[in-house]
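Reviewing the structure listed below.
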Amino acid sequence: MRLTRFLIELRESIAAAFRALRANILRTILTTLGIVVGVTAVISIVSLIQGLDRTVKREVAGLGTNVLYVSKYPWIQMDDFWKFRNRKDITLEQGRRLLELVTLPEAASMQVGTSSTVKWRERAARSVSIEGHTPEGRIVHDLDPEIGRFFTVAEARDKRNVIILGNGLWRDLFDERDPLGQRIRVGRNVFTVIGVMPEQGTMMGMDQSASAVIPLETLMKLFGSRRSIGLNLRAYDAESLPLVEDEARGLMRRIRGIPFGAEDDFAINRQEMLLDLFRSLTAALFAVMVGVASLSLLVGGIGIMNIMLVSVTERTREIGIRKSVGAKRRNIMWQFLVESVVVSGLGGAIGIGLGIGTALLVSAVTSLPATAPLWAVLLGLVFSTSVGLFFGIYPAAKAAGLDPIEALRSE
Amino acid sequence: MQPIIDLKGITKEYIMGTQVVRALRGVDIEIHQNEYVAIMGPSGSGKSTLMNLIGCLDTPTAGTYLFDNVSVENMTDDELAEIRNQKIGFVFQTFNLLPRADALHNVELPLIYSGLAAGERRTRALEALDSVGLGDRVDHKPNELSGGQRQRVAIARALVNNPSIILADEPTGNLDTTTGEEIMAVLEILFQQGNAIILVTHEEYIAEHANRIVRILDGIIGSDEKVERRRHANGVTAAQSADQV
Ligand SMILES: Nc1ncnc2c1ncn2[C@@H]1O[C@H](COP(=O)(O)OP(=O)(O)O)[C@@H](O)[C@H]1O
Ligand SMILES: [Mg+2]
């Protein structure tokens, strides 16, 4: 009974709010500007972070949790570039020695990379990332083809032109037809397709639609041998990872003849480092977003309070009329609260639309992925309406407290 | 019979800066359910102030006010709102309709604050509009209606919740003579149906529609007498409305 009465009154409040808003559409929209900006910022940034997060996690997952990457340069260069510039390449010879000497890893492999155009008949894929691995790479990186097979030790030793296609590359070139035994061109060289990788990310974190695996020494022979080798060590588990790292560091220093006390002239990278970097980047982005959002929501809230005070003044007579026919304090209170919440919610809705639009635009232009998560959309709505509720209280209370006679007398 | 309205020693003072305006200076009046009272007096004599007090829109500075035998002085704002909603129908000189709402919605307004469901609200509002001869104007906004029609919407709003008493403060003051006569005819029907009516006017011939005339001067009742031969309003609209009732 009380509830139905409340709902009946609430419905009138909502209807009155919309009648009032319709009468001042432009003003209403301008009022919500602060809230629009705030919510747009939240939604677009959250969407981008979410999109990035998913890709980064997926890509980084391909690197493997328990794999160490010994290479000439660190993945993340906080110091200046000049420090690394004069480092000497890690040669095939040094790589072979390290792999002979290590005892702790489950498996160890070498890797180099280049990029090239890949063609099959009239189809072509540009800038395909070509990875050269040693046979052990299959174990280190879980490179198990979905179709066909990995290359053999013999094929690697004989530097054969065999290639395993990334799943996306296969679909681009072959439309999912059987590629096994087909001859394709990588640059000017002819390769035989022996396998296709599965859909999800075991391709060293590279874009799958444009990657392929060939034997390391084939790559060195055909595309040049003056390149620094990456050495990849897979630990049995997370606990032994530091031990593997210590052993590899000691051996590398010896192999590269680094005097005692001098700095390493190579880097040992881990998946975790990328995640850490990404985490600190997103944290910074989040902080910026929270700053922008709270500032503009505050500005928006004050704007709404201001316009609601104007609205109360303009409609003093209406308030008097409603009171004269029996509206109670709470009726008037609700009416103006609803109006303020509707205005701010409207701003929130516009902001959500613009935010998703911005995220989509950015992702279209930069090819960064963007997904607007439902929680962010709800958060945007909840935030904007709470701002309306909070900043609407004072004007609504003012309206509710008006004296009916005074209100009726006003022009 | 108990009077529906019973004022004793009512005063009302307004403080204007350092000056005290004594709008009512001790008013005693009883009004019964079957009465049609006209309140007359020169401008500024306190008529509207008295009406607003009777209508529970305002509270007196001193004195006692029993509405339907219940003391009103110590009621809260919301309790007064409840009385205005349930027991009193107010008709103002300036109509006081919501400008953006159509006639139907304006008439529904008191029912909304009574918590009536939409369906029944609509039925009763339509009935009320019919009874003032506006059954065909329900979706018009106030600015799409003539002055007389607006006042009839206001009357429909005043009577829609079956009040004990209808208060009309110069309801014809903003209307020409013919239109004013139409409004008086509508009030006549309401009176015939058993509603108590209090009407403020400063026109003698309008006051003669009532069966009792109270004259007020400088915030004090000067005279209070029965009308020997009251004038019966019977405009065209009245006849039409009478058919519809
Ligand atoms: N809100 C108010 N503040 C100050 N004085 C008022 C107020 N309302 C009415 N008055 C004064 O009280 C007196 C009676 O006013 P009112 O009841 O409106 O007279 P009437 O309706 O008979 O013309 C007048 O002198 C008027 O100026
Ligand atoms: Mg007056």
Inspect all residues belonging to the range A:390-404 and state whether any of them is aliphatic (A, V, I, L, M), within 16 Å of ligand 1 (Cβ to nearest atom) and not in a helix (DSSP H, G or I).
-> yes
Taking the range A:358-411 as the region of interest, how many residues are at pLDDT below 90 and β-branched (Val, Ile, Thr)?
-> 6
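Only one of B:Leu53, B:Leu24 is at pLDDT 95 or above, outside any strand (DSSP E or B), more than 25 Å from B:Arg229 (Cα to Cα) and within 16 Å of ligand 2 (Cβ to nearest atom); which?
B:Leu53
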How many of the residues making up the range A:11-60 are under 30 Å from B:Gly119 (Cα atoms) and among the basic types (Lys, Arg)?
-> 3
Subset of the range B:115-137 (residues that are among the small types (Gly, Ala, Ser) and either closer than 18 Å to B:Ala154 by Cβ or in contact with a strand residue (DSSP E or B) (Cβ under 8 Å, 6 or more places away or on another chain) (or both)) | B:Ala125, B:Ala128, B:Ser131, B:Gly133, B:Gly135
Please find, within the range B:57-85, the residue that is nearest to A:Ile321 (Cα to Cα) out of those that are within 16 Å of ligand 1 (Cβ to nearest atom) and within 15 Å of the chain's Cα centre (by Cα).
-> B:Leu57
When you go through (1) within 16 Å of ligand 2 (Cβ to nearest atom); (2) under 20 Å from B:Leu109 (Cα atoms); (3) small (Gly, Ala, Ser) one by one for B:Ala156, which number turns out not to apply?
-> (1)
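One line per residue, one yes/no per condition, for (1) under 20 Å from B:Arg150 (Cα atoms); (2) within 14 Å of another protein chain (Cβ to nearest Cβ); (3) within 16 Å of ligand 2 (Cβ to nearest atom); (4) assigned to a loop (DSSP other than H, G, I, E, B):
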{"position": "B:Leu175", "(1), (2), (3), (4)": "yes, no, yes, yes"}
{"position": "B:Glu181", "(1), (2), (3), (4)": "yes, no, no, no"}
{"position": "B:Leu199", "(1), (2), (3), (4)": "yes, no, yes, no"}
{"position": "B:Ile206", "(1), (2), (3), (4)": "yes, no, yes, no"}
{"position": "B:Ser223", "(1), (2), (3), (4)": "no, no, no, no"}
For the range B:36-56, which residues satisfy the criterion of being farther than 22 Å from B:Ser71 by Cβ and away from ligand 1 (no atom under 12 Å from the Cβ)?
-> B:Tyr36, B:Ala38
May I ask you to list the residues in the range B:67-125 that are part of a loop (DSSP other than H, G, I, E, B), touching a Gly at 6+ places or on another chain (Cβ under 9 Å) and without any contact (Cβ under 8 Å) to a residue 24 or more places away in the chain?
-> B:Glu73
Of the conditions (1) over 30 Å from A:Gln182 (Cα atoms); (2) out of contact with any strand residue (DSSP E or B) (no Cβ under 7 Å at 6 or more places or on another chain), the single one that A:Arg123 does not satisfy is (1)
Just checking, which of B:Asn96, B:Asn106 is under 29 Å from B:Glu203 (Cα atoms), facing chain A (nearest Cβ under 8 Å) and among the polar types (S, T, N, Q)?
-> B:Asn96
Keeping to the range B:140-173, report how many residues are part of a loop (DSSP other than H, G, I, E, B) and either away from ligand 1 (no atom under 16 Å from the Cβ) or within 12 Å of chain A (Cβ to nearest Cβ) (or both).
-> 9
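Rundown of residues vs (1) under 39 Å from the mean Cα position of the chain (by Cα); (2) without any contact (Cβ under 8 Å) to a residue 60 or more places away in the chain; (3) under 28 Å from A:Ile8 (Cα atoms), yes/no style:
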| residue | (1), (2), (3) |
| --- | --- |
| A:Phe286 | yes, no, no |
| A:Ala293 | yes, no, no |
| A:Met305 | yes, no, yes |
| A:Arg317 | no, no, yes |
| A:Val338 | yes, no, yes |
| A:Ala349 | yes, yes, yes |
| A:Gly353 | yes, yes, no |
| A:Leu368 | yes, no, no |
Tell me, which helices (runs of 4 or more DSSP H) wholly within the range A:1-112 include 2 or more residues that are more than 14 Å from every other protein chain (Cβ to nearest Cβ), in contact with a helix residue (DSSP H, G or I) (Cβ under 8 Å, 6 or more places away or on another chain) and of a type outside the set (Val, Ile, Thr)?
-> A:33-61, A:92-101
A careful count of residues in the range B:110-140 that are within 22 Å of A:Ile319 (Cα to Cα) and among the polar types (S, T, N, Q) gives 1
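The values are calculated or read from the model by the stated rules, or taken from the named source; none is laboratory data. None of these values were measured; they are calculated from a predicted model. In this analysis, Cβ positions are derived from the backbone assuming ideal geometry, glycine residues included, and neighbour counts consider all displayed protein chains.
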